[in-house]
Amino acid sequence: MNDQVAQITRKKNTIRIYGAGGTGVAITAALDQYAGKQAPGFANILTTFIDTSDSDLPSNIDPAKLYLFPELDGSGQERAENHPEYQARIKEILQKHRPSDLNIIITSASGGTGSGLAPELIAELLQKDHNVIVVAVGDAATRKFARNSRATLKSFMGNVAVTKHSLAVFYAENSRLVSEAKINEKIEQLVTVLSILYSGENRRMDSKDLYKWLRPTTVDGAPMLTALSIVEGSTDYPTNIGQVVSLATLTNDRENAAYPEMVDIQFTGFPDNIDREVSEWPIHFVLSDGVIAPAIDRLTKTIDELEENRQARLAPAKILDSSDVVGSSGIVFD
Ligand SMILES: Nc1nc2c(ncn2[C@@H]2O[C@H](COP(=O)(O)OP(=O)(O)OP(=O)(O)O)[C@@H](O)[C@H]2O)c(=O)[nH]1
Ligand SMILES: [Mg+2]
């Protein structure tokens, strides 16, 4: 009897990472080292690289992991540029790179390709009721980046409205205070802890629990766009994320795993099979409702400020004046 119990092994889950556009590809390339490793306590990782141009692709990408749009060469920061092409190819992409137990889409929100493609990919996955988390990196360094970032965040709400499925977004923003490298590192750590959460190997947490965790609704039962925050250790709780609507916690038996707020949906699991230290326990996976709308407001403020600056800029000093005689080629004689 005891022997039989000891032989129970839980089924290991698989996570598919779709890295779309330059940022998505760069971060997915860093995560590719974990692909196919079958590490105890972690989900299997599968990686897919999607882009319209080969300019950001690392030279050593396995062609089996790549979806490069035929006949396109970048989007030049225009989200609408290749949109019909994305719509036409989504089913093909997902047939070649099949969804898994959890699907993580990584993209910039500010560029043209990844942020134009991601909403199409998300809609298709949500319509089939797959588990989806989107990781989006915004940027407000230029008016174009800020406008793209704002439209991308709005598209995620559009995905929820159209598919009537809840969606969780991990949103980070490049800035003078937080470098691209720091943000990439943070996202790599995020995927690492998500791969523990979705390993399928946590005691007292099964796939039904995670299915529910990822699909919180409003009190009226409407689907929600929520933001994912990770809280590691039990000291530093975020205060500016709005109301917590769904919580999953991983902990070991020795650490107190209480979260300081009452939450309607809460699941706790015990990852007792991990062979390396990855984090402080507990790890709280927090879905809340107060991150995306304020981020959109901040982007709007930046866009308005940058527009004002542009209008206020002095007209450049004149080079030609009315006394100059300009020949047919444009030539000017003294
Ligand atoms: N955090 C982070 N940001 C990046 C990285 N590479 C580019 N960015 C930022 O992402 C934005 C540009 O988006 P990309 O992801 O390169 O755009 P894309 O999806 O390839 O779309 P295109 O406009 O067609 O090239 C800018 O705001 C860059 O500062 C990266 O590796 N990490
Ligand atoms: Mg690009």
Study note, to complete from the structure: In debye to the nearest 20, the charge dipole size for the stretch 236-304, taken about the Cα centre with +1 at each Lys and Arg Cβ and -1 at each Asp and Glu Cβ, equals 220
Study note, to complete from the structure: Rg/Rh over Cα atoms for the stretch 219-277, Kirkwood Rh, comes to 1.00
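Once the cut-off is 25 Å, how many percent of the Cα-Cα pairs in the stretch 11-310 end up in the long-distance tail? Spell out each step's value before the answer.
Working: 20654 of 44850 pairs.
Summing the P(r) of the stretch 11-310 above 25 Å gives 46 percent of all pairs.
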Review point. Which ordering of Ser59, Ser195 is given by a fewest-first count of other beta-carbon atoms within 10 Å?
Key: Ser59, Ser195
Check your understanding: Stretch Ala30-Asn256 to full length: gain in nm at 0.36 nm per residue minus the Cα-Cα span?
Key -> 78.1 nm
Exercise for review: Can you tell me the equivalent ellipsoid semi-axes for the stretch 265-317? Use √(5λ) from the Cα gyration tensor, largest first, whole Å.
Suggested key: 48, 16, 5
Check your understanding: Going through the stretch 276-320, which GluC sites (Glu not before Pro) have at most 12 other Cβ atoms within 10 Å and a DSSP loop state?
Key -> Glu277, Glu280
Review point. Which value, in Å³ per residue, describes the convex hull spanned by the Cα atoms of the stretch 55-108?
Key: 119
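Please work out how much length the chain gains when fully extended from Thr239 to Val326, using 0.36 nm per residue of separation minus the C-alpha to C-alpha distance, in nm with one decimal. Walk me through the numbers on the way to the answer.
Numbers: separation 87, 0.36 × 87 = 31.32 nm, distance 6.48 nm.
This chain segment gains 24.8 nm when fully extended.
Any idea what the dipole of the chain comes to, in debye rounded to 20, about its Cα centre with Lys/Arg Cβ at +1 and Asp/Glu Cβ at -1?
On the way: 33 positive and 44 negative charges, 140 e Å.
Dipole magnitude for the chain comes out near 680 debye.
Could you check what % of the DSSP bridge pairs in the chain are antiparallel, to the nearest 5?
Details: 15 of 51 bridges.
If I count the DSSP bridges inside the chain, around 30 percent turn out antiparallel.
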**Study point:** Selected from Pro119, Pro99, Pro260 as most flexible by GNM, with the chain as the system and alpha-carbon contacts under 10 Å
**Key:** Pro260
Exercise for review: Give me Thr113, Thr235 ranked fewest to most by other Cβ atoms within 10 Å of their Cβ, as a rough exposure proxy.
Suggested key: Thr235, Thr113
Review point. Considering the dipole of the chain built from charges on the beta carbon (Lys and Arg +1, Asp and Glu -1) around the Cα centre, which of Ser322, Gly76, Ala151 is farthest to its positive end?
Key: Ala151
Practice item. For helix 21-31, report the angle its Cα long axis makes with the longest principal axis of the Cα atoms of the chain; keep it between 0 and 90° and round to the nearest 10°. Key: 30
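Can you give the Rg to Rh ratio for the stretch 290-329, taking only C-alpha atoms and Rh from Kirkwood? Write out the running numbers ahead of the final one.
Working: Rg = 20.5 Å, Rh = 14.0 Å.
Result for the stretch 290-329 is an Rg/Rh of 1.46.
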Revision key, fill the gap. Taking Cα atoms, the helix 83-96 axis meets the longest principal axis of the chain at an angle in degrees (rounded to 10) of 30
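Please tell me the relative contact order of the chain in percent, rounded to the nearest whole number, where contacts are Cα pairs under 8 Å and at least six residues apart. Can you show the working numbers first?
On the way: 630 pairs, mean separation 54.2, N = 334.
Normalised by residue count, the contact order of the chain is 16 percent.
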Revision key, fill the gap. Going from the fewest other Cβ atoms within 10 Å to the most, one would list Met205, Met157, Met262 as Met262, Met157, Met205
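Since every read-out is calculated from the coordinates, none of them should be taken as a lab result. All values reported here derive from a predicted model rather than from experimental measurement. Virtual Cβ from ideal backbone geometry, glycine too; neighbours counted across all protein chains shown.
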